[in-house]
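Colleague: The structure follows.
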Amino acid sequence: MNDHLQIKDWGLGIEGHVIIAGPCSAETPQQIEQICLDMKKENMVPDMFRAGIWKPRTRPGAFEGIGEDGLKWMEIVRHHLNIPITTEVGNAAHAELALKHKVDVVWIGARTTVNPFAVQEIAEALRGTDIPVMIKNPMNPDLQLWIGALERMHAVGLKKLAAIHRGFSDSYDKRFRNKPNWSMPIHLKREWKGMEVINDPSHIVGNREGILETAQRAINFGLDGLMIETHHDPDKAWSDAKQQVTPARLKEILSQIDFKDTLGAEQPSERLNDLRTAIDHLDDQLLDILQERFSLIDQVGAYKRENHLTVFQSDRWKYVMESRTQKGIAKNLSEKFMKELLYCIHEESVKRQEKQLREADPVKK
Ligand code: PEP
Ligand code: MN
């Protein structure tokens, strides 16, 4: 699995953090040309030009993409900017048309990555070529599904692979259109050594204002590039109008990002090593304490069973939640963190005690 080719080896002349920019959707030849001209005017030519040709929309009736005609307009981009072009493919027919029109790189969107049938169908359509493929994370935070889609491409011989973190659907957190989960790309990079992950702050934030901050965070976390939706007249865009930026604004955003400020540096300083060692020790202690706590939980479970008490006792739970949360707050831990932590420990405790009960009385299984 580690024989995939990194972006610098895709033969596209890209080095360092990759910058992908272009509109959410290709709309008209004039729109594509104007974006290219503005990029050129601003001296803001990205490493790759993106444009959606087929748009997966949540509700029917919205603009669903211009279709194959849009692929022909990519010649305009080649003429003005002479950079590689990338588009989203959602099924085998899209993949075949992208190949026919010599699209340089394809990506698989979040709504497609969740569907292994569709991903496999696209992999089969691309078999025998060496087109680079970028896989956006699935809508839901399922690392295995994300890796699985990369593996399906790899299994048909596609070696030029990368991933894109575009956040996850979350109806509770209104700060984001798609909430980022930074541990997910970091885990992906750990599980698949050398796999590069590009960040898509546009779809994470869903507005223009938050793009810089999210992009900087991505770079700090060691991500390998940015895909930012760019349009000459964002307010008039046919899709995702709120989150697109002009080439001039893109230039400003990129000039403000510190591309060297990476937490995942290859050679951590001695000081950082010391701190990490101290954290390792503390984590060992944390695990020992958890082990001890669960062993006490098991003893409480045995007592409840012998005395025919229910596993879940709401008064006790209420007391544990409230008292610990207050103690945590006094130690400068947030209320939300305390509640989530306690809930997680409690859930595991109940599960263990229920298991004990089932094993003692198999009829209740
Ligand atoms: C897009 O890039 O325009 C898009 C539809 O992205 P996603 O699959 O991340 O929603
Ligand atoms: Mn979009």
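Colleague: Of the numbered conditions (1) more than 16 Å from ligand 2 (Cβ to nearest atom); (2) part of a helix (DSSP H, G or I); (3) over 13 Å from the mean Cα position of the chain (by Cα), His187 satisfies every one except a single condition; which is it?
Modeller: Here His187 clears every test but (3).
Colleague: Could you give me the residue pairs with C-beta distances under 8 Å whose first residue belongs to region 1-15 and is over 15 Å from Asp130 (Cβ atoms), whose second residue is aromatic (Phe, Trp, Tyr) and modelled with pLDDT of 95 or more wherever it lies, and which are 6+ apart or on separate chains?
Modeller: Met1/Trp192; Asn2/Trp192
Colleague: Residue pairs, Cβ under 9 Å, 6 or more apart or interchain, first in region 52-64 and farther than 16 Å from Ile32 by Cα, second more than 12 Å from ligand 1 (Cβ to nearest atom) and aliphatic (A, V, I, L, M). List them.
Modeller: That search, which allows pairs on different chains as well, returns Lys55/Ile66.
Colleague: Only residues that are in contact with a helix residue (DSSP H, G or I) (Cβ under 8 Å, 6 or more places away or on another chain) and surrounded by fewer than 16 Cβ atoms within 10 Å (Cβ to Cβ): list them for region 130-155, please.
Modeller: Within region 130-155, just Ala155 meets the criteria.
For every residue, the table says whether it meets (1) touching a residue at least 24 places away in the same chain (Cβ under 8 Å); (2) farther than 20 Å from Phe168 by Cα; (3) aliphatic (A, V, I, L, M); (4) assigned to a loop (DSSP other than H, G, I, E, B).
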| residue | (1), (2), (3), (4) |
| --- | --- |
| Glu75 | no, yes, no, no |
| Arg78 | no, yes, no, no |
| Thr86 | yes, yes, no, no |
| Gly90 | yes, no, no, yes |
| Leu99 | yes, yes, yes, no |
| Thr129 | yes, yes, no, yes |
| Gln144 | no, no, no, no |
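Colleague: Filter region 101-121 down to the residues that are in a helix (DSSP H, G or I), touching a residue at least 12 places away in the same chain (Cβ under 8 Å) and not aliphatic (A, V, I, L, M), then identify the one that is surrounded by the fewest Cβ atoms within 10 Å (Cβ to Cβ).
Modeller: Among those that are in a helix (DSSP H, G or I), touching a residue at least 12 places away in the same chain (Cβ under 8 Å) and not aliphatic (A, V, I, L, M), it is Pro116.
Colleague: Of everything in region 1-31, what is at positive phi and surrounded by 18 or more Cβ atoms within 10 Å (Cβ to Cβ)? Give them in sequence order.
Modeller: Residue satisfying the conditions is Gly22 alone.
Colleague: Would you mind stating whether Ile228 is within 16 Å of ligand 1 (Cβ to nearest atom), assigned to a strand (DSSP E or B) and either β-branched (Val, Ile, Thr) or free of Cβ contacts under 8 Å to residues at least 24 places away in the same chain (or both)?
Modeller: Criteria met by Ile228.
Colleague: When you scan region 16-35, how many residues do you find that are over 22 Å from the mean Cα position of the chain (by Cα), under 25 Å from Ala162 (Cα atoms) and away from ligand 2 (no atom under 16 Å from the Cβ)?
Modeller: 0
Colleague: Scan region 161-169 and give yes if some residue there is in a loop (DSSP other than H, G, I, E, B), at pLDDT 90 or above, buried (at least 16 other Cβ atoms within 10 Å of the Cβ) and away from ligand 2 (no atom under 16 Å from the Cβ), otherwise no.
Modeller: So far as region 161-169 goes, no, none of its residues is in a loop (DSSP other than H, G, I, E, B), at pLDDT 90 or above, buried (at least 16 other Cβ atoms within 10 Å of the Cβ) and away from ligand 2 (no atom under 16 Å from the Cβ).
Colleague: Quick one: in region 32-74, of everything that is surrounded by fewer than 21 Cβ atoms within 10 Å (Cβ to Cβ) and in contact with a strand residue (DSSP E or B) (Cβ under 6 Å, 6 or more places away or on another chain), which residue is modelled with the highest pLDDT?
Modeller: Among them, the one singled out is Asp47.
Colleague: Then there's this: Does at least one position in region 83-93 carry a residue that is farther than 14 Å from Trp107 by Cβ, within 16 Å of ligand 2 (Cβ to nearest atom) and not hydrophobic (A, V, I, L, M, F, W, C)?
Modeller: No: region 83-93 contains no residue that is farther than 14 Å from Trp107 by Cβ, within 16 Å of ligand 2 (Cβ to nearest atom) and not hydrophobic (A, V, I, L, M, F, W, C).
Colleague: Within region 47-73, how many residues turn out to be part of a loop (DSSP other than H, G, I, E, B) and away from ligand 2 (no atom under 16 Å from the Cβ)?
Modeller: Residues meeting the conditions: 5.
Colleague: Do we have Lys174 as touching an Asp or Glu at 6+ places or on another chain (Cβ under 8 Å) and not small (Gly, Ala, Ser) here?
Modeller: No: the conditions fail for Lys174.
Colleague: Further question on the same structure: Taking region 61-88, which residues are within 26 Å of Gln120 (Cβ to Cβ) and in contact with a Leu (Cβ under 8 Å, 6 or more places away or on another chain)?
Modeller: Hits for region 61-88 are Glu68, Leu71, Pro84, Thr87.
Colleague: Return the residues of region 311-356 that are surrounded by 14 or more Cβ atoms within 10 Å (Cβ to Cβ), of a type in the set (D, E, K, R) and free of Cβ contacts under 8 Å to residues at least 40 places away in the same chain; say none if nothing qualifies.
Modeller: Within region 311-356, Arg324, Lys339 meet the criteria.
The values are calculated or read from the model by the stated rules, or taken from the named source; none is laboratory data. Since this is a predicted model, take the numbers as computed values, not measurements. As a convention, Cβ positions derive from the backbone with ideal geometry for all residues, glycine included, and neighbour counts pool all protein chains shown.
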